[in-house]
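Read through the structure below, which is laid out as structure tokens, and then see the notes.
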Amino acid sequence: MEKTTNKKALIALAIGGFGIGMTEFVIMGILPDVAKALKITIPQAGHFIAIYALGVVIGAPLLTSIGSKWTSHKMLLALMVWFTVFNTLSAFAESYYSLLVFRFLSGLPHGAFFGIGAVVAGKLAKEGKAAQAMAVMFSGLTVANVIGVPLGTYFGHNFSWNLSFLIVGFIGVLAMLGIYFWIPALPKSSSEGIKKDFLVFKRVELWIIIALTTIGTGGFFAWYSYIAPLLTNVAGYPENMVSYAMIIAGVGMVIGNFIGAKLSEKLSPMKAIIVCFSAMVVMLVINALTASNPIVILVVTFLIGAASFSVSTPLQMAIINASKGSEMLGSSMNQSAFNMGNATGAYLAGLPIAMGYSVVYSSYVGAILAGTGALIAVGIIAWRRRKARLNITNL
């Protein structure tokens with residue numbers, strides 16, 4: 001009998017992804033409100049973004065390895081309980097330091113959840129549909145940018161910033177219920193043990209893919225971090241247009257996510273990565289050249305969103321393929337790399353602006369980073385082919 005995809009289990013993973021996507025990005029929309037309520041400056045409030053990313057980077061390998069002897073569905077449930085508790089507590093933070101601690105703890109399960117979830121999604125899919133199953137899980141993250149983040153921003157701005165995190169906590173409860181009732185009993189996260197799992201880090205290709213993810217996705221964040229001044233200072237839109245533009249980008253992310261999965265199946269993960277990053281380069285350069293046109297910039301915003309998130313599933317599949325025997329640990333590291341790309345892209349794109357250049361140069365920086373990611377992927381394919389030729393020669 002042919003295996004069928006467990007759609008309910010994928011929906012449970014997508015709900016978890018929705019909550020994670022919302023908490024990661026909603027803070028950007030309510031930053032001034034949080035700063036005002038806690039009586040701190042906006043730059044200080046920006047630390048809540050950075051500390052969350054730090055939590056992701058640290059938590060991904062740490063929690064995945066600690067839970068390596070747990071069954072996968074129990075580990076996913078434990079991670080979502082953790083996520084729900086600390087996001088809910090964030091709503092009740094009364095000081096800069098308490099919210100800083102809760103944001104860090106909220107970020108810890110992020111990478112492990114997506115890392116383990118991606119492998120689980122692949123196992124729950126029918127033959128040849130692993131990429132599509134992973135895309136369903138990641139759709140939660142992309143849909144969060146269309147619905148969750150604008151909704152959380154609206155409530156946070158018009159009522160209280162605390163509501164934004166209470167909504168995230170509620171979504172976490174829904175994800176917990178979905179995981180408990182819909183995800184079947186699965187084998188242990190790892191049968192090898194922590195020590196053997198960590199041997200995966202001796203593989204050169206794994207580190208190259210981590211660098212590829214960090215640098216390439218940094219291209220998206222170089223652009224996305226400065227989308228507000230790009231729209232207001234260059235395109236001439238009023239400030240309230242930024243939220244709508246982010247929704248447009250979010251719709252692009254949703255569509256691009258599934259396009260990337262299809263490309264992974266039609267080509268290969270690494271070839272799909274080259275196509276997606278190359279598309280990002282083209283769109284980011286067009287964005288820089290046409291940013292003053294208010295109509296074109298919205299079209300390009302959609303296309304950049306699509307190109308940027310089309311690479312999510314191919315990257316996840318590439319790192320899983322490079323982590324055979326320790327797939328969940330390797331998979332979780334992709335989320336660490338993604339968040340390092342967040343910090344790297346935002347920082348590098350800010351340098352020309354700090355030097356007095358126009359904000360459009362952030363898109364050029366993004367194009368360089370995405371282009372570098374594509375070149376690294378080309379290098380990996382060339383290295384694999386050379387390695388294969390040497391193996392044949394030595395036979």
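The values are calculated or read from the model by the stated rules, or taken from the named source; none is laboratory data. Here the structure is a predicted model, which is why all the values come from computation and not from measurement. Please note: Cβ atoms are built from the backbone with ideal geometry, for glycine as well, and neighbour counts cover all protein chains shown. Just so you know, the surface numbers come from the protein's heavy atoms only, side chains and all, with ligands and any DNA or RNA stripped out. Shrake-Rupley method; radii C 1.70, N 1.55, O 1.52, S 1.80 Å.
Side notes on the structure shown:
- Any hit, segment 7-29, residues being of a type in the set (Ser, Thr, Tyr), at pLDDT below 90 and assigned to a helix (DSSP H, G or I): no
- Each residue in segment 241-263 was checked for being farther than 18 Å from Gly17 by Cβ and in contact with a Ser or Thr (Cβ under 6 Å, 6 or more places away or on another chain), and 2 pass.
- Screening Ser326 against (1) buried (at least 21 other Cβ atoms within 10 Å of the Cβ); (2) of a type outside the set (A, V, I, L, M, F, W, C); (3) farther than 20 Å from Pro269 by Cβ leaves a single unmet condition, (3).
- Flag if Ile51 is assigned to a loop (DSSP other than H, G, I, E, B) and not hydroxyl-bearing (Ser, Thr, Tyr): no
- The condition (being in a helix (DSSP H, G or I) and touching a Lys or Arg at 6+ places or on another chain (Cβ under 8 Å)) is satisfied by just one residue among Ala131, Ala121: Ala131.
Residues checked against (1) surrounded by fewer than 23 Cβ atoms within 10 Å (Cβ to Cβ); (2) in contact with a Ser or Thr (Cβ under 9 Å, 6 or more places away or on another chain); (3) among the hydroxyl-bearing types (Ser, Thr, Tyr):
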| position | (1), (2), (3) |
| --- | --- |
| Thr5 | yes, no, yes |
| Gln44 | yes, no, no |
| Gly59 | no, yes, no |
| Thr64 | no, yes, yes |
| Met75 | no, yes, no |
| Asn87 | no, yes, no |
| Glu94 | yes, no, no |
| Arg103 | no, yes, no |
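- Residues located in segment 214-246, provided they are part of a loop (DSSP other than H, G, I, E, B) and either in contact (Cβ under 8 Å) with a residue 40 or more places away in the chain or surrounded by 20 or more Cβ atoms within 10 Å (Cβ to Cβ) (or both): Ser225, Tyr226, Ala235, Gly236, Tyr237
- Only listed residue being touching a helix residue (DSSP H, G or I) at 6+ places or on another chain (Cβ under 8 Å) and either free of Cβ contacts under 8 Å to residues at least 60 places away in the same chain or aliphatic (A, V, I, L, M) (or both), chosen from Phe104, Phe138, Phe114: Phe104
- Here the condition is being open to solvent by 30 Å² or more (accessible area, probe 1.4 Å), modelled with pLDDT of 95 or more and of a type in the set (Val, Ile, Thr); of Val168, Val173, it holds for Val173 alone.
- Residue count, segment 105-133 (criterion: within 18 Å of Val254 (Cβ to Cβ) and open to solvent by 10 Å² or more (accessible area, probe 1.4 Å)): 1
- Some residue of segment 180-191 being at pLDDT 80 or above and hydroxyl-bearing (Ser, Thr, Tyr): yes
- Boolean, Ala12 is among the aliphatic types (A, V, I, L, M), in contact (Cβ under 8 Å) with a residue 12 or more places away in the chain, buried (at least 19 other Cβ atoms within 10 Å of the Cβ) and under 21 Å from Gly178 (Cβ atoms): yes
- A count restricted to segment 247-274 and to residues that are without any contact (Cβ under 8 Å) to a residue 24 or more places away in the chain and open to solvent by 60 Å² or more (accessible area, probe 1.4 Å) stands at 2.
- Applying the criterion of being open to solvent by 10 Å² or more (accessible area, probe 1.4 Å) and touching a residue at least 60 places away in the same chain (Cβ under 8 Å) to the residues of segment 336-351, the residue that is nearest to Gly117 (Cα to Cα) is Phe338.
- Residue in segment 352-366 that is within 13 Å of Ile215 (Cβ to Cβ), open to solvent by less than 10 Å² (accessible area, probe 1.4 Å) and either among the hydrophobic types (A, V, I, L, M, F, W, C) or not in a helix (DSSP H, G or I) (or both) present: no
- Some residue of segment 148-165 being touching a helix residue (DSSP H, G or I) at 6+ places or on another chain (Cβ under 9 Å), under 25 Å from Leu62 (Cβ atoms), assigned to a helix (DSSP H, G or I) and open to solvent by 40 Å² or more (accessible area, probe 1.4 Å): no
- Complete set of residues in segment 46-57 that are β-branched (Val, Ile, Thr) and surrounded by fewer than 21 Cβ atoms within 10 Å (Cβ to Cβ): Ile49, Ile51
- Residue in segment 290-308 that is open to solvent by less than 40 Å² (accessible area, probe 1.4 Å), in contact (Cβ under 8 Å) with a residue 12 or more places away in the chain, assigned to a helix (DSSP H, G or I) and farther than 16 Å from Ile227 by Cβ present: no
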